[in-house]
Amino acid sequence: MSPADNKGPRDDRWYFKLMAPNTKGDKFAWLDPTSIYINGKAFHDLLDDLCGELNADKIDVVAGLDAMGFVLGSGIAARLGRGFLPIRKAGKLCVDTDSATFSNYSGRTQDMEMRLPAFASGTRVLLVDQWIETGGTMHGAVQLVEQQKGEVAGMVAIVMEENENTLAYREKYHCVTAIQPGTEWQRQCNAQYLESFKQYDPKAAFPV
């Protein structure tokens with residue numbers, strides 16, 4: 001069965017198997033989803049799946065979190081016909097900024113910034129990151145949106161791992177993830193190991 005024909009259950013999307021395991025040690029994230037972006041069909045299908053659960057009429061702007069949220073967020077913004085707002089790590093923007101402090105997935109404290117002003121009061125902002133592990137980075141983004149009196153229109157990621165913070169997000173916001181709660185893929189992500197790693201082949205993601 002080709003990827004184009006694979007319309008199977010929502011916990012068995014073909015492009016998940018393209019994601020790469022960490023080969024560099026504990027200071028890095030435990031997997032790398034960027035091979036999905038390299039493969040045009042995979043990226044197209046991922047955006048289809050995510051945007052299919054979003055209502056553009058309830059979103060004014062899409063914000064991507066530094067850095068890989070830029071890739072996914074800008075793709076979603078283009079699909080929805082909305083603008084894109086980068087939320088950056090501190091010290092990257094050459095204009096006036098708001099800042100917020102957060103703890104990332106490794107437990108390190110960092111600062112995140114957004115241009116000031118970025119939008120009018122009441123603007124509905126969709127927050128996008130590649131992967132939500134502890135929820136700390138996303139918390140910083142929520143702070144920035146609220147500091148400028150915007151409204152969080154929802155959250156999007158390839159996956160949210162399940163913990164106290166992320167479960168609270170799902171209760172409070174419209175959260176869209178490619179890997180959905182209650183699936184075998186979600187269970188494996190919570191354990192931070194995909195069974196597909198056993199057959200991982202980087203060449204499978206090469207552009208044709």
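No lab work stands behind these numbers, since they all come straight from the coordinates. Please read all numbers here as calculations on a predicted model, not as lab measurements. Counting neighbours? That spans all protein chains shown, and the Cβs are built from the backbone with ideal geometry, glycine included.
Before moving on, here are some points about what is shown:
- Low-density loop cleavage sites - chymotrypsin sites (Phe, Trp or Tyr not before Pro) in segment 161-208, where at most 13 other Cβ are within 10 Å (DSSP): 193
- Residue order, fewest to most surrounding Cβ atoms within 10 angstrom, among 142, 159, 128: 142, 159, 128
- Shape of segment 36-140, Cα gyration tensor, a/c cut at 1.5: oblate
- The tail of the calculated P(r) for segment 97-201 beyond 19 Å holds 48 percent of all Cα-Cα pairs.
- Relative contact order for the chain, counting Cα pairs under 8 Å that sit 6 or more residues apart, in percent: 21
- Convex hull (Cα only) mean projected area of the chain, reported in nm² to one decimal: 11.9
- Every helix of 4 or more DSSP H residues in the chain counts as -39500 (n - 2.57), and over all residues that averages to -8000 deg cm²/dmol at 222 nm.
- Under 19 Å from residue 172, Cα to Cα: lysines that are on another chain or at least 8 residues apart: 58, 149
- Look at 175, 189 and count the other Cβ atoms within 10 Å of each Cβ; fewest to most, that gives 175, 189.
- Expressed to the nearest 5 percent, the antiparallel share of DSSP beta bridges inside segment 42-200 is 30 percent.
- With at most 14 neighbouring Cβ atoms within 10 Å, loop trypsin sites (Lys or Arg not before Pro) (DSSP) excluded, longest segment of the chain: 28-91
- Within a straight-line Cα-Cα reach of under 30 Å, residue 24 can be paired with the following lysines, leaving aside sequence neighbours fewer than 8 residues apart in one chain: 41, 89, 92, 198, 203.
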